[in-house]
Amino acid sequence: MTQENTIAKFYGNMDWFDVDDDTDDVDFPIAFTEAKQLWAEDAEKNSEQILRLMEPFVRAWFVPAAISDSEDLFPDQSDFPAVKIHVVGIDFSAEPFPLCKAEAWFEVPVSELFTTTDLEERQDDTGEYLYQAISFGWEIPSNDDDETSTFTYGNNQGVEAVCMDKS
């Protein structure tokens with residue numbers, strides 16, 4: 001298999017992330033208002049509905065460039081959007097975006113060196129970890145046109161990343 005065709009599969013999650021971006025001009029879709037009302041009524045009872053309303057707006061990326069000196073493992077330093085996202089929790093105690101807990105799966109091109117590297121040993125030796133490449137955020141459509149605005153996480157209460165398949 002050539003370098004360009006070697007794909008590794010990653011799993012990542014982020015606990016309770018919030019948004020640090022400027023949110024003054026955000027025009028939230030009605031789904032946010034509906035989810036917030038359901039959360040205020042009974043967050044636990046309405047959990048499935050809330051998650052279903054919010055999930056279409058959550059995004060995740062694997063960002064190899066966030067890991068210093070990773071070019072030998074990830075020759076393409078582009079941001080790779082998640083192939084699947086699952087929202088696990090929403091908490092409207094934060095404003096204007098709710099806190100969010102989510103997990104995602106990624107498929108990322110890797111080098112031949114990546115497939116033969118002991119990742120745990122490399123991470124321990126370099127102090128650079130796969131979780132540094134995991135990013136989550138919100139994508140909000142504009143009411144005026146086909147444009148969207150992306151708001152990335154600012155803080156979180158924990159993030160994990162695991163390589164699930166190195167082939």
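Any read-out appearing in this document is the output of simple, stated calculations on the displayed coordinates, not a laboratory observation. What you are looking at is a predicted structure, and each value in this text was computed from that prediction instead of being measured. Every residue, glycine among them, receives a Cβ derived from its backbone with ideal geometry; neighbour counts consider all protein chains shown.
Numbers below:
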quantity: For segment 84-134, diffusion coefficient by Stokes-Einstein and Kirkwood Rh (Cα), 25 °C, 0.890 mPa s, µm²/s; calculated: 176
quantity: Angle between the chain longest axis and helix 30-42 axis [Cα atoms, degrees, rounded to 10]; calculated: 80
quantity: Per-residue Cβ neighbour rank within 10 angstrom, fewest leading, L130, L113; calculated: L113, L130
quantity: Pairwise Lys count, the chain - Cα closer than 17 Å, eight or more residues apart or different chains; calculated: 5
quantity: Cα gyration tensor shape for segment 92-167, rounded if a/c is under 1.5, else prolate or oblate; calculated: prolate
quantity: For the chain: relative contact order, % (alpha-carbon pairs under 8 angstrom, 6 or more apart); calculated: 40
quantity: R122, R59 arranged by Cβ crowding within 10 Å, fewest neighbours leading; calculated: R122, R59
quantity: MRE, 222 nm, helices only [DSSP H, n ≥ 4, -39500 (n - 2.57), over the chain, to nearest 500]; calculated: -5500 deg cm²/dmol
quantity: q = 0.11 Å⁻¹, the chain: log10 I(q)/I(0) [Debye, one scatterer per Cα]; calculated: -0.50
quantity: Exposure proxy order (Cβ contacts within 10 Å, fewest to most) of D27, D15; calculated: D27, D15
